[in-house]
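What follows is calculated from the coordinates using simple rules that are stated; it is not laboratory data. Values in this document were obtained by computation on a predicted structure and should not be read as measured data. Here the Cβ positions follow ideal geometry from the backbone for every residue, glycine too, while neighbour counts run over all protein chains shown.
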Amino acid sequence: MKWTMALAAGLAVTATSGIAGKLDEVRERGELKCGVSTGVVGFSAPDANGVWQGFDVGMCRAVAAATLGDPMAVEFVPVTSKTRFTALESGEIDMLSRTTTWTYSRDSDLNVEFVGVNFYDGQGFIVKKALGVGSALELDGATICIKTGTTSELNLSDYFRSNGMSYDPVPVETDSEAHQQFLANACDSFSTDGSKLAAFRATTETPSDYILLPEVISKEPLGPAVLHGDQHWGDIVRWTFNALVAAEELGITADNVAEMAQGSDNPEVRRLLGTEGNLGEMNDLSATWAVDAISAGGNYGELFANTIGENSQIGIERNLNAQWKDGGLQYAPPFR
Amino acid sequence: MSSTPDESDPPFRLSQLLYDTRYRSLTIQAITFGLFVALVVWLVHNTLQNLANAGSEVDFGFLFQTAGYEINQRLIDYTPEDTHFRAALVGLLNTLLVAVLGCVAATIIGTLVGILRLSKNWLIAQLMAAYVEIFRNVPVLLWIVFIMAVLTESLPTPNAFRGDDPAATMLLFDGVAVTNRGTYIPEPLFSNSLGNLHLFGSGSLRMDISLDLLALVAVLALSVFAAGKVALRAVKIQNATGTRPRTWPAMLVILVLPTAALLLLLGFHVDAPELRGFNFRDGIHMRTSLIALAMALGLYTSAFIAEIVRGGILAISHGQTEAAASLGLRPGKIMRLVILPQALRVIIPPLISEYLSLTKNTSLAIAVGYMDITGTLGGITMNQTGRALESILLLMLVYLVISLIISAVMNLFNARMKLVEH
């Protein structure tokens, strides 16, 4: 049996040596494999021409631009909430950008590393106005549609438990199924991330027939994630995101980025855009990595406005996702 | 062979393993088996090693962490504070519940349709043929989703029962409410209840069994046993004298009186569902998801069973019917005593396969949000803990064990029905 063990050990070693250097792997392939949702309009969904569009998609494109210089060099891999972490662990995707909540146990127990928060969300409830309910605390005994396998499921259970109320969960697999059940009155309320509820309400025939209850029962910091163990790759994704946030703060947009790169008096802009210092080199990237990333889909504010914000049909307000100077939570560490 | 008995075999030599045809096949089998075992060991070891290298060792400890999620459909008590193991157990019982409901429905409908398809009435035969073709030629998942959608969209909401002039009313003396969230039926209750039997302590395996139910089952079993004795005595008298004594008054007394007396003693009454707050309360709530799933699986599988039953009956040659008729047996008795016992031998083996596939098809339950074991252990638990490999391995084991048990029981039944050959 000795030779079996030797063979097994040999195979195991080749498997581990393959893990090192995600950046090299992506460059060699010439394409970034990015895990996205199976279709949430605004965040990640293919448009009429089959091209993926959305807020989370923009994150993938920025990373592809920073590492490969080409925002279109992305292969989008749709993953469900069930398969997302397995896809990351198995190396099927290089990064996960799919409205995934950053939690302690996911960061520690699973082999996943969250690189930041690109969308601060919170779980809420939608009800029909005709139900005559004005607060989530009046929902004792209600039937509530809930997407199974999400943190929302646990938050809902915690919320009702801590308020001494009971509820009747109707587990559903996809958003569209939840919408159908909710519209058919098979459940009194549907509970999920507030942004998704707003998007859903906007797509109903008469949005004024539905109200979002004022209670936000959880913190849902959504962000991109990479596989734990390749810190270098994690840094690249983390700082690509930070570059987009910093760009908005510094007034760099997709339109003026080329011009700003030519000459700016602001030393931080010069460092970020590679006209001064060697920030790109520190991460094995080209000097113009941030210019490429910002040109891909604009800075954080532009990306937000064009996909889920004011310029889109969804129209989510910035609120917590505004820049820290405007009273929000988006705050990029200094580029120096 | 020309060998003579007094000729003793030459001593065994090692080379015979290769050159002697009597041993060669054994040698080859032994080597193949060894290689196979080595391959399996290598695969398992390699997987474990690679998982360990990737930092995710196989660990079943998560089963005893707090689950934290709610399950709407449960046969045993469960709260979010219970463990993932308990949640899996709740899911397992839900799987078994829908499998049993589906199998019973499929068997009854399938047998009826199978017999009716052989009817001499052209219209009935064609209708049954259409039934079989429609149900067995559309994937079962579509049937499940379709029936669920129809029930959800077409039945009234609980709100429709409200007000002075409600759009919907309850059926059967205000006892049954059919809504798109499920059907509520009266719940049997006992005012002088004997209480519950608490089994397996207060851990994850705890189980309460109603003593009232146990008492009822015991009394019914005794009644049936006694009735069997009466019937046996009647047969004996019939065999001796040729006339069968009248047994039905005794049967009625034996079967009904003890049970009725026990129910009276326990203070049996039913509690009808009542609309309070958002939903109906009290009563037994049969969820739309359960009804849709059991219905879809039952109807789908019944189409296959109908064909099996038809094939079984057709397998018995018509001569048997004619022979029985010439002995003076009436058509009903011919079916019961001659055709069916022989047809069953043909029917049972493929029937086992249908029961097995129905049971495995229950894993599609998540399509309508029914919390079977794939929904709890293989769905929410797997997601919340991220233990995909462990959960799937356990799931496979559970389905394997369920299927093997069904197989064993049905094979036992088959062995009893089989023709005794001499």
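Bridge orientation summary for chain A: considering DSSP beta bridges with both residues in this region, about 55 percent are antiparallel. Mean partner shielding of peptide A:208-221, defined as the number of other chain Cβ atoms within 10 Å of each residue Cβ, is 0. Here the Gaussian network model covers chain B, with springs between Cα atoms less than 10 Å apart; of B:ARG136, B:ARG24, B:ARG206, B:ARG24 fluctuates the most.
Taking amide hydrogens as placed 1.01 Å from N in the peptide plane, the amide H of B:ALA67 sits under 5 Å from those of B:ASP82, B:THR83, B:HIS84, each at least 5 positions away in sequence or on another chain. Take every DSSP beta bridge whose two residues both sit in the range A:123-218; close to 50 percent of them are antiparallel. For B:LYS360, the aspartates and glutamates whose Cα falls under 19 Å of its own Cα, not counting residues fewer than eight places away in the same chain, are B:ASP372. Relative contact order for the range A:123-218: 50 percent, from Cα pairs under 8 Å spaced at least 6 residues apart, divided by residue count.
3J(HN,Hα) along the range B:413-418: 4, 4, 4, 6, 7, 4 Hz, from the Karplus curve 6.51 cos²θ - 1.76 cosθ + 1.60 with θ = phi - 60°, whole Hz, x for Gly and Pro. Working from Cα pairs under 8 Å separated by at least six residues, relative contact order for the range A:180-336 is 21 percent.
For chain B, the relative contact order works out to 22 percent when only alpha carbon pairs closer than 8 Å and six or more residues apart are counted. The range B:113-175 and the range B:178-250 have Cα centres separated by 31 Å.
Placing unit charges on each Cβ (+1 for Lys and Arg, -1 for Asp and Glu) gives chain B a dipole about its Cα centre, and among B:VAL90, B:SER223, B:ILE313 the Cα reaching farthest toward its positive end belongs to B:ILE313. For B:ASN196, the amide hydrogen comes within under 5 Å of the amide hydrogens of B:LEU211, counting only partners 5 or more places away or on other chains and with H modelled in the peptide plane.
Helices meeting the span-like rule in chain A (full DSSP H runs, Cα extent of at least 24 Å along the helix axis, mean Kyte-Doolittle score of -0.5 or higher): A:231-250. Working note: Karplus 6.51/-1.76/1.60 with θ = phi - 60° gives the range A:116-126 the couplings x, 10, 9, 8, 8, 10, x, 7, x, 10, 10 Hz, where Gly and Pro are set to x.
Counts of other chain beta carbons within 10 angstrom of each beta carbon in peptide A:187-197 average 1.
Mean residue ellipticity at 222 nm, helices only, chain B: -20000 deg cm²/dmol; runs of at least 4 DSSP H residues each add -39,500 (n - 2.57), and the sum is divided by the number of residues.
When both bridge partners sit in the protein assembly as shown, DSSP labels roughly 70% of those beta bridges antiparallel.
Shape of chain B from the C-alpha gyration tensor: oblate (a/c of 1.5 or more and a/b not above b/c, with a ≥ b ≥ c the square roots of its eigenvalues). The H on the amide N of B:GLY283, modeled in the peptide plane, is under 5 Å from the matching H of B:GLU187, each at least 5 residues off or on a different chain. An oblate overall shape is assigned to the protein assembly as shown, the ratio a/c of its alpha-carbon gyration tensor axes (a ≥ b ≥ c) being 1.5 or greater and a/b not exceeding b/c.
Remark: the range A:32-42, residue by residue, has Karplus-estimated 3J(HN,Hα) of 9, 9, 10, x, 10, 6, 7, x, 10, 4, x Hz, where x stands for each Gly or Pro and the curve is 6.51 cos²θ - 1.76 cosθ + 1.60 at θ = phi - 60°.
What you get for the protein assembly as shown, charging only the Cβ of Lys and Arg (+1) and of Asp and Glu (-1), is a dipole of about 4520 debye around the Cα centre.
Selection among A:ASN311, A:TRP233, B:VAL41 by position relative to the dipole of the protein assembly as shown gives B:VAL41 as farthest towards the positive end (Cβ unit charges, Cα centre).
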